[in-house]
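Chemist: Right, I'll just put the structure down here and ask away after.
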Amino acid sequence: MPLLSRRTLLKGSAVAGASFAIGAGFAARPGIALATPVTLKAQFTDAAIASDGVTQKIMTYGLGETPADGMPPVLRMRKGEPFAARLVNGLDEPTTVHWHGLRVINAMDGVPEMTQPYVYPGDGFDYAFTPPDAGTFWYHPHCNTLTQMGHGMTGVIVVENPDDPVFDAEVVLNLRDWRLGKGGAFIAPFKPRDAAKGGTYGTVRTANWQQAPTYEAPAGGLVRLRIAATDVTRIYTIGLEGGAGMVMALDGNPVETPFLLDRLDFGPGQRVELVVRMPDEEGQSLTLGNFRGSSPWTIATLKAVGGTSLKRDLKDVKALPANPIAEADLSTATRIPLDFTATAEHKAMPSMCGSLGYTFWAINKVPWQGDTPDPVAPLSDLKLGKSYVLQVRNRTPHAHPIHLHGLSFRVLSSNKRAFLPPPTDTILLQPDEQAELGLVADNLGDWLLHCHIIEHQKTGMSAYFRVL
Ligand code: C2O
Ligand code: CU
């Protein structure tokens with residue numbers, strides 16, 4: 001099908017000559033309260049990540065105009081309440097912000113060429129939306145992502161629900177790796193040979209930009225642990241030692257019945273919420289570990305503080321209130337087959353938003369051409385309000401965390417899993433997995449679908465749906 005040039009479309013709607021483009025969602029609508037925007041400044045910083053030197057020119061977000069001295073801030077929002085952020089680009093290359101997992105209107109989705117113009121150095125963009133769902137989400141650029149995310153720009157979002165139970169403490173963990181060499185300097189973000197397989201791993205593993213940090217929490221208390229896998233490659237298999245915890249929510253959505261955490265796999269882009277029971281004695285600790293691969297390692301430790309145990313009981317933990325996500329009507333749903341495959345290797349098109357220069361992967365045989373003004377046609381046009389079942393098939397020997405923008409889906413069936421998770425925005429497709437994903441196309445616009453192993457995304461494993 002012929003495609004309009006999205007650049008032309010965007011030019012028509014952006015405010016000409018203004019350094020701050022006004023997103024469509026920010027236009028004042030009568031009767032709708034607007035939030036005061038926070039300034040989210042994309043900028044460089046230096047930080048000690050590796051043990052042998054300070055890493056220069058880390059990319060991060062800071063709040064306000066003052067330089068950020070560390071990790072992008074945890075952004076707190078409230079379900080059903082307007083939120084606004086003014087992105088200011090203090091980097092030396094274009095950027096945007098994508099609100100991963102938040103069902104925002106299309107104009108706020110942060111995909112350059114597709115939903116908004118590039119935000120050039122020195123320019124800005126106003127984002128404004130009302131998060132419909134409570135839970136743990138995250139934010140990151142959607143431009144030159146292997147570098148920008150790999151160099152630091154991944155932050156956690158907590159959308160609070162006033163109806164949530166109160167726990168004794170809350171700890172947010174932003175899990176990611178860094179590709180650092182001698183003296184903490186950045187090394188090449190990927191190796192082509194690895195990009196054609198499971199992806200290129202980092203050399204330094206962190207939680208909240210620290211190697212195996214320790215946090216204190218009240219002895220015998222219940223701690224809400226919000227964990228986001230924001231790494232560009234790593235798939236985690238988490239587990240606890242020295243205590244127990246219940247799985248409360250996955251990818252922002254509460255599980256119907258909380259269950260005891262044993263081992264849980266989650267991949268880039270995914271989130272896990274736990275409630276853990278702290279040990280009773282001061283000084284005792286509980287460890288969150290990664291058990292994937294042959295040598296387990298510590299992600300983070302919680303240390304009990306306080307002379308008297310709060311003596312809480314995990315049995316008292318109840319399910320969190322569900323988010324308002326429509327269920328697909330399977331009697332009327334249209335089926336859409338989606339095959340994830342390797343593809344013939346060839347050179348990729350250059351792209352303003354960073355091309356890795358290779359193509360290794362495809363969705364329905366079509367490798368993504370890069371973030372160009374005229375991308376490949378949508379996978380399919382979806383009718384607003386109609387139900388669909390995506391029949392996804394991983395025809396590769398690697399796991400792929402497949403992420404859909406703007407719409408949440410439910411895993412209806414799978415040949416590889418017994419437990420079907422709550423609605424999600426990202427499914428970690430196992431090698432040779434076939435699954436059915438049900439969704440209602442209830443959000444207008446162009447929505448990307450891509451692997452969140454960024455090397456896979458950027459070497460072909462991307463596509464999009466158009467809801468109209
Ligand atoms: Cu978390 Cu298209 O991204
Ligand atoms: Cu992948």
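Coordinate-derived values only; no laboratory data. Everything numeric in this text was worked out from a predicted model, so none of it was measured. No Cβ is skipped: glycine too gets one built from the backbone with ideal geometry, and neighbour counts run over all protein chains shown.
Chemist: I'd like to know which of His400, Ala42, Pro378 lies farthest towards the positive end of the charge dipole of the chain, counting +1 on Cβ of Lys and Arg and -1 on Cβ of Asp and Glu.
Modeler: Pro378
Chemist: Between Ala48 and Arg395, how many nm apart are label points set 7 Å from Cα along the C-beta direction?
Modeler: Placing both labels 7 Å beyond Cα along the Cβ direction yields 5.2 nm.
Chemist: Counting only helical runs of four or more DSSP H residues, what would the 222 nm mean residue ellipticity of the chain come to if each run contributes -39,500 (n - 2.57) and the total is spread over all its residues? Before the final figure, lay out the partial values.
Modeler: Details: 4 runs with 23 residues, N = 468.
Dividing the helical sum by the residues of the chain leaves -1000 deg cm²/dmol.
Chemist: Then there is this: In what sequence do Met278, Met59 fall when counting other Cβ within 10 Å, fewest first?
Modeler: Ranked by crowding around the Cβ, least crowded first: Met59, Met278.
Chemist: Let me ask something additional. May I ask what percent, to the nearest 5, of DSSP beta bridges between residues of the stretch 131-247 are antiparallel?
Modeler: Restricted to the stretch 131-247, the bridges split so that about 60 percent are antiparallel.
Chemist: Pairs Lys197/Lys458; Lys191/Lys458; Lys191/Lys347; Lys79/Lys315; Lys182/Lys458: which are spaced more than 22 Å apart, C-alpha to C-alpha?
Modeler: Lys79/Lys315; Lys182/Lys458
Chemist: Just how large is the dipole of the stretch 169-316 about the Cα centre, in debye to the nearest 20, putting +1 at every Lys and Arg Cβ and -1 at every Asp and Glu Cβ?
Modeler: Charge dipole, the stretch 169-316, about its Cα centre: 700 debye, nearest 20.
Chemist: Sticking with this one: Show me the chymotrypsin sites (Phe, Trp or Tyr not before Pro) within the stretch 400-468 that DSSP assigns to loop and that have at most 13 other Cβ atoms within 10 Å of their Cβ.
Modeler: Hits after loop and neighbour filter: Phe419.
Chemist: If I stretch the segment between Lys57 and Asp92 completely, what's the gain in nm (0.36 nm per residue apart, minus their alpha carbon distance), one decimal?
Modeler: So the extension gain works out to 11.5 nm.
Chemist: Straight-line reach from Lys311: which lysines have a Cα under 19 Å away, not including same-chain ones fewer than 8 places off?
Modeler: Result set, ordered by chain and number: Lys303.
Chemist: Just to confirm my numbers, what's the Cα centroid distance between the stretch 371-444 and the stretch 252-304 in Å?
Modeler: One Cα centre to the other: 26 Å.
Chemist: Translational diffusion coefficient, Stokes-Einstein: compute it for the stretch 169-316 using the Kirkwood radius over C-alpha pairs as Rh, at 20 °C and 1.002 mPa s, and state it as an integer in µm² s⁻¹.
Modeler: Estimated diffusion coefficient is 133 µm²/s.
Chemist: Cα gyration tensor of the stretch 267-358, axes a ≥ b ≥ c as square roots of the eigenvalues: rounded (a/c below 1.5), prolate (a/b > b/c) or oblate? Display every interim value, and only then the final one.
Modeler: On the way: a/c = 3.35, a/b = 1.63, b/c = 2.06.
Oblate is the answer for the stretch 267-358, as a/c is 1.5 or above yet b/c matches or exceeds a/b.
Chemist: Turning to a different aspect of this structure: Sort His450, His400 so that the residue with the fewest other Cβ atoms within 10 Å of its own Cβ comes first and the one with the most comes last.
Modeler: Least crowded to most crowded, the residues run His450, His400.
Chemist: May I pose another question? With a bin width of 10 angstrom, please list the P(r) values of the stretch 315-468 as percents of all Cα-Cα pairs, from the 0 bin to the one holding the largest distance.
Modeler: Bins of 10 Å from zero give 11, 39, 33, 14, 3, 0 percent of pairs.
Chemist: Let me ask something additional. With both bridge residues required to lie in the chain, what share of the DSSP beta bridges run antiparallel, to the nearest 5%?
Modeler: 70
Chemist: To the nearest 0.05, what FRET efficiency results for Arg263 and Leu34 with a Förster distance of 35 Å applied to their C-beta separation?
Modeler: 0.20
Chemist: I would also like to ask the following. Efficiency by 1/(1 + (r/R0)^6): what FRET value for Gln434 and Lys182, r their Cβ-Cβ distance, R0 = 51 Å, to the nearest 0.05? Don't skip to the answer; put the middle values down first.
Modeler: Working: r = 45 Å, r/R0 = 0.88.
Working from the Cβ atoms, E equals 0.70.
Chemist: Give me the net charge for the shell around Asp177: Cβ to Cβ below 10 angstrom, other residues only, Lys and Arg +1, Asp and Glu -1. It would help to have the intermediate numbers written out before the result.
Modeler: Values: positive: Arg176, Arg179, Arg205, Arg234; negative: Asp231.
Spelling it out: positives minus negatives among the neighbours equals +3.
Chemist: In what order do Leu250, Leu302 fall by count of nearby beta-carbon atoms within 10 Å, going from fewest to most? List each step's numbers first, then the result.
Modeler: Working: Leu250 22, Leu302 26.
With the fewest neighbours first, Leu250, Leu302 line up as Leu250, Leu302.
Chemist: Towards the positive end of the charge dipole of the chain, with charges on Cβ (+1 Lys, Arg; -1 Asp, Glu), say which of Val317, Thr136, Ile58 has the farthest Cα.
Modeler: Sorting the options by dipole projection puts first Ile58.
Chemist: Using a cut-off of 9 Å between beta-carbons, work out the net charge of the residues near Pro422 (Lys and Arg +1, Asp and Glu -1, Pro422 not included). Display every interim value, and only then the final one.
Modeler: Numbers: positive: Arg410; negative: Asp251, Glu256.
Net of charged neighbours comes to -1.
Chemist: Cα gyration tensor of the stretch 80-207, axes a ≥ b ≥ c as square roots of the eigenvalues: rounded (a/c below 1.5), prolate (a/b > b/c) or oblate?
Modeler: It is oblate, given that a/c is not under 1.5 and a/b is not larger than b/c.
Chemist: Please work out, to two decimal places, the log10 of the ratio I(q)/I(0) at q = 0.10 Å⁻¹ from a Debye calculation in which every Cα of the chain carries one identical scatterer.
Modeler: Relative scattering, expressed as log10 I(q)/I(0), comes to -0.71.
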